[in-house]
Amino acid sequence: MSKFEVQTIKGMLPAMVTSFDKDENFDEKGQIEVVDFLLNHGSDGLYITGSTGETFLMETSERKRVTEVVCERVNHKKPVIAHIGAIGTKVSIDLAKHASSCGVDAISAVPPFYWKFNENEIFNYYKDICEAVDIPMIVYNIPLAGTMGYPLIKRLAEIENIKGIKYTASTHHEITRIKQEIGSDFMIYSGVDEMAVSGLMSGADGIIGSFYNIIPELFKDIYIAVKEDRLLDAKKYQDQANRIIMYVLDHGFVSTMKRAL
């Protein structure tokens, strides 16, 4: 049973890495250590089994076990958003039902990808998932899966359980438009780590990102500085974060973050 209303899920939420052992098996002890580290360093919630969590390299059973381990460890102290997206609706619904039974506070999903699905197919994918579970859905807009335009986002917002969007694109003027035209209660989470300040200034309620795994304090400082209108401080923190991000990207994304952890 979820504890947090979706409109209260704000702030800095790491898109958490998934821990594996040297044989590529899910490492429960390692995952608990990551959860504890992030909660002890200012995280306002966790976004799990997403792109950074290497979800598309895992079997469905592994994705479920990650959700179980994280939810048990967090124990409703902070909100948990579980990504349940897959190419097929059947898999996504199965993962959504399981995540709901674990007590996550919201689910999230990329649109179906690989084949070029049309807008009606994408709409029906989300509609079918939302009709299968009674839990808030956060749509995941990311270029890797095919960025959705504003008209489709507005149409998706009409589905009852869709309560927000993880906006991992650089077109931040659309964040302002979403807030203005769809409504202030439609939650927006800026997902481009290098542009956290821009996303927040454009109206995002929170930030969800990969590099929060290794530098959560910097991104918490960014969030607080923007909310307190200390924009020069926010820019300074963003510049510091970006130097670290550029270094990591030059040496391998998820693997280097794991080495840092």
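The values are calculated or read from the model by the stated rules, or taken from the named source; none is laboratory data. Everything numeric here is computed off the predicted structure, so don't read it as measured data. No Cβ is skipped: glycine too gets one built from the backbone with ideal geometry, and neighbour counts run over all protein chains shown. Side chains are part of the model used for accessible areas, which takes the heavy atoms of the whole protein and leaves out ligands, DNA and RNA. Shrake-Rupley method; radii C 1.70, N 1.55, O 1.52, S 1.80 Å.
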Query raised in the report: Has region 67-83 got at least one residue that is small (Gly, Ala, Ser), crowded, with 22+ Cβ neighbours inside 10 Å and touching a residue at least 40 places away in the same chain (Cβ under 8 Å)?
Result: no
Query raised in the report: Do we find a residue being open to solvent by 10 Å² or more (accessible area, probe 1.4 Å), over 21 Å from residue 192 (Cα atoms), assigned to a loop (DSSP other than H, G, I, E, B) and of a type outside the set (S, T, N, Q) anywhere in region 125-132?
Result: no
Query raised in the report: Of all residues in region 151-169, which are surrounded by 14 or more Cβ atoms within 10 Å (Cβ to Cβ), outside any strand (DSSP E or B) and not basic (Lys, Arg)?
Result: 152, 153, 156, 157, 159, 161, 168, 169
Report summary line: Apart from one, (1) open to solvent by 20 Å² or more (accessible area, probe 1.4 Å); (2) under 14 Å from residue 3 (Cα atoms); (3) under 14 Å from the mean Cα position of the chain (by Cα); (4) among the acidic types (Asp, Glu) all hold for residue 54; the odd one out is (2)
**Report entry** Long-range neighbours under 9 Å by Cβ, at least six apart or interchain, first residue of a type in the set (Lys, Arg) within region 218-234, second surrounded by fewer than 19 Cβ atoms within 10 Å (Cβ to Cβ) and in a helix (DSSP H, G or I)
**Finding:** 230/224
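So, in region 84-108, how many residues would count as being hydroxyl-bearing (Ser, Thr, Tyr) and open to solvent by 30 Å² or more (accessible area, probe 1.4 Å)?
Initial filter on region 84-108 (hydroxyl-bearing (Ser, Thr, Tyr)): 89, 92, 100-101, 108.
Among the residues that remain, those that are also open to solvent by 30 Å² or more (accessible area, probe 1.4 Å) are: 89, 100-101.
Number of matching residues: 3.
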Requested in this report: Could you tell me whether residue 135 is open to solvent by less than 20 Å² (accessible area, probe 1.4 Å) and outside any helix (DSSP H, G or I)?
Outcome: yes
